[in-house]
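Structure first, then comments.
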Amino acid sequence: MSITVYQDKYFLLNTKHTSYVLYADQDQLLCNVYWGKRIERIEDFAGMELQKYHESLRFQERMEECSSFGGMRFKETSMKVTFADGVRDFRYKIKEYRVEDNHLAIVLEDIYYALRVTLHYHVYEEENIIEKWRQAENIGQDNIILERFYSAEYGVAGTGFQTINFNGHWSSEFQQYSESIDCGKKVYESLYGLTGHNVNPFFVVHQNANEDQGDVYYGALQYSGNFKTVVEAVSTEYVNILTGISDTDFEWVLKPGDIFKAPSVFSGYSSNGFTNMSNTLSTFARKHVMPKPLADKALPILYNSWYATFFDVRYEDQIKLAEKAAKIGVELFVIDDGWFEGRANDEAGLGDWYVDREKFPYGLEPLIKRVNELGMQFGIWIEPEMVNPNSNLYRNHPDWIYRYATREVLMGRNQYILDLTNNEVIDYLINCFDALLSENNIAYVKWDMNRYAAEIASSSQDTGEYKSIWHKNTQGIYTIIQTLRKLHPTVEFEACAAGGGRVDFGAMAYFDEFWTSDNTDPLDRLFIQEHYSLIYPIKYMRAWLTDDSMNHRTTPLKFSMYSAMCGSLGIGTNLNEVEENKLKQIKEYIEEYKGIREIVQFGHVYRLKSLKNADIQAVQYVNEDSSALFVFLDHGRYGKKYHCVNLKGLDPSSIYRYEIDGTEWTKSGAFLMNRGIDVQLVGDFDSLLVRFEKI
Ligand code: DGJ
């Protein structure tokens, strides 16, 4: 059983390898008293009430499950409310708790005001994940204002922790940083109106962990809007972790009878480092978050013409590209930005989702037909949330954007943001894209988003509710994609936001993959991809071969292909300008990728060596019977020729067959993991792919 309750005040949430224990103290303050390796006996926790109790500082001392602003709390709290009479703290009693299968709901009610907060815990026993979310319900007659309502709160006892998140910007997503959190708090927040390229909505708190060792506490927030994660060393006793919708410029008016549900957090504990965390999250994501049916199917190899033709998407060129793409083994042919009316560059057209008849005189149909005849599926690019001032949509509906009435509207990439709190706008977008997908045989959609939000105000909302717009905008996006998916259940959707600006577990529930970064430099990508894989599944990581990189660096085709083959492979090269011999080689790499694609996309990932602290990067993917190992050397050092790589995740007693440079070997899993193999890489940008088969 995954949930056990003892004396109505101890709640033990057990997964296969972990335990999370809650305790309602003598004042019914709900606290976390343990998070770590699995403990069977809940009775062992009895007596906790005798320990550590200092009346006036008890809120500071306890690792609360639902701390609310006020009441002698001086730490970051997970909620803040204002009642109609101006009182601003939530003092609760536990009204009841319910256990159904793997689900625990604990209902808290204010002792005076009509506010009910329900804390939800869902235990995924096999997957070692606990999902937490909470909801607020107004059970009275007066409005209640939620000024902060995070999704979940966690406490980790002890000191000497480090916290990890990403930092970055467009083209430099997923730069990983680890910092000590010995005093004060560390805040990771997005105010971009979406996840953004900067920090990312997850937390990782660890104690000197590495890939294979150390305690790691982690959680991924299922949200694609403004978020905040706070990690605070509260006195020297514990680290408090809070995550949820950002409270900066947030306010939600909870009217009588209303319920506000905060997004879920998928959390876990690893007693053996980061690799376990990454694979636990990916396995869980595949089973419980990714949309079906694609969750269990390998993604097709796509060709995207963006880097080949940019906005100049024309029938004749695309046909030529498609013919070449089919020859090299591409399975999905995608036209990117530029196919619709008025879109000669990024200054016009967004919002007018009709085929440009000058570029496609007979519509998309002839191109799609040819692409299908060539044995490929057809895909297309859209950017639903945006409008250019130079578009018919804007000319007809200038009030359909977020704006302050008295200010000149700010622009980003020459575009405005459509007001998704307005149902008319939502309907317009759903109808447009439903028509596009119904009238054409489109198997894939790349949903892009290319500017950050500001001036969140809407003519369809009361001025008193403007601070709710950020969240309503995120809900609007989810409504559109959810509706389109329902109407077109077989279409594959990719989430892109100027590269990797919308990579999160919220988007994962509606999209089948992420565009990781516009940075396709094969070397930069090794770092981006390595860090991305800490939290997110490899399958969702689209990676392309392109001609030029933003660093104008030249790398051998093999290095570039292998770098892209570490994820879900795509090709973005201008095939119309590639000479035959190179095309032939690309074709061979694609063939090679097809042979390992299931291992890469569905296997466990092992980050064996990193160029951050070693001469090579080595990354390995492992499934039941096979494994694929990629090794990269950026530049040779001091004449060193051989690099030892110790594999991981193999069965020690099985024998594996593999081949390197034409020589076949058979060795035991134990040898490959403990002794390791010496691989030869020399010069600049050398690389190697080795496939291992259990025999
Ligand atoms: C940004 C995306 O990240 C690119 O891949 C491309 O689709 C452009 N937008 C198109 O405008």
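Just so you know, all these numbers are worked out from the coordinates, no wet-lab data involved. Bear in mind that the values here come from a model prediction, so they are computed numbers and not experimental data. Counting neighbours? That spans all protein chains shown, and the Cβs are built from the backbone with ideal geometry, glycine included.
A Förster radius of 22 Å combined with the Cβ-Cβ distance from Ser178 to Asn674 puts the calculated FRET efficiency at roughly 0.20. The antiparallel fraction among DSSP beta bridges confined to the stretch 297-499 stands at about 25%. Calculation over all alpha carbon pairs of the chain in 10 angstrom steps from 0 returns a P(r) of 3, 14, 24, 24, 19, 11, 4, 0 percent. Sorting 502-509, 182-189, 424-431 by their mean Cβ neighbour count within 10 Å, with the most densely packed peptide first, gives 502-509, 424-431, 182-189. Take the Cα of Val187, step 7 Å toward its Cβ, do the same at Gln28, and the gap between the two points is 3.3 nm.
For the chain, give the share of DSSP beta bridges that are antiparallel, in percent and rounded to the nearest 5; count only bridges with both residues there. Roughly 85 percent of the beta bridges in the chain run antiparallel, per DSSP. Estimated translational diffusion coefficient (Stokes-Einstein, Kirkwood radius over Cα pairs, 20 °C, 1.002 mPa s) of the stretch 560-680: 135 µm² per second.
Expressed as a fraction of 2.2 N^0.38 Å, the C-alpha radius of gyration for the stretch 413-475 is 1.33.
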